[in-house]
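Below: one structure, written as structure tokens.
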Amino acid sequence: TLEPRKNISRLVEGYKLFAKKHPRAGIKLVLAGKTNTSVFSNFRIDKDENIILPGFIDDKDKPLLYEMAEAFVYPSLFEGFGLPLLEALKCGTPIITSDRSSMPEVVGDAALLVNPENSTAIAGALEKILQHDVRSALRRKMAERIKLFSWKKTAKQTLEVLNS
């Protein structure tokens with residue numbers, strides 16, 4: 001769901017800064033998810049053919065969207081956990097995410113961390129993540145990081161908490 005805590009306004013600002021500096025990159029911003037109208041109350045997305053709002057994405061279609069993406073950018077201001085980060089890790093999609101809340105704990109060093117309140121930092125991370133050596137290094141780290149997470153491990157830990 002696209003909602004205010006997802007920090008869409010700064011993501012769009014960061015993307016526009018990036019696109020202005022690299023107009024020939026051909027990178028589009030896809031804001032996928034059911035839209036909460038309050039998300040766009042503080043800013044406007046002008047008709048821009050490079051910003052795509054496909055709406056809700058069914059779970060069965062998510063892996064394809066992640067795999068087609070150059071990067072998954074998740075500058076959320078707050079997350080309880082951040083399941084989309086694990087989805088991106090599993091699909092091997094390089095990640096840019098916030099340097100706060102639960103995001104660093106989820107991704108470790110397998111993502112670029114940014115100050116989510118700084119659209120210039122988001123633009124810089126977009127520029128950096130498109131470099132082949134950065135993407136390759138992140139993908140190696142992602143392949144190791146995802147091994148730390150499994151539904152079986154989650155269920156076991158949940159059962160231990162319930163039993164205690």
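Each reported figure results from applying straightforward, stated rules to the coordinates on display, with no laboratory input. Predicted model, so just to flag it, every value in this text is computed and none were measured. Cβ: placed from backbone, ideal geometry, glycine included. Neighbour counts: every protein chain shown.
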Longest segment of the chain lacking GluC sites (Glu not before Pro) that sit in a DSSP loop with at most 15 other Cβ atoms within 10 Å
1-48
Taking 0.36 nm per residue of sequence separation and subtracting the Cα-Cα distance, how much length would be gained by fully extending the chain between L159 and D109, in nm to one decimal?
15.1 nm
Charge-dipole axis of the chain as Lys and Arg at +1 and Asp and Glu at -1 on Cβ define it, positive-most pick from I51, S98, L138:
L138
Return one number: the angle in degrees, 0 to 90 and rounded to the nearest 10, between the long axis of the Cα atoms of helix 119-129 and the longest principal axis of the Cα atoms of the chain.
70
Mind checking the full-extension length gain between K60 and L148? Use 0.36 nm per residue of separation minus the Cα-Cα distance, one decimal, nm.
29.4 nm
Gain in length, L53 to I27, computed as 0.36 nm per residue apart minus the alpha-carbon separation, to one decimal in nm?
7.9 nm
Straight-distance crosslink candidates among aspartates and glutamates, where the alpha carbon sits under 19 Å from K153 and sequence neighbours closer than 8 are dropped:
E87, E105, E144
With Rg and Dmax of the Cα atoms in Å as the read-out, I listed (1) 16.2, 57; (2) 18.6, 65; (3) 19.5, 62; which label goes with the value calculated from this structure?
(1)
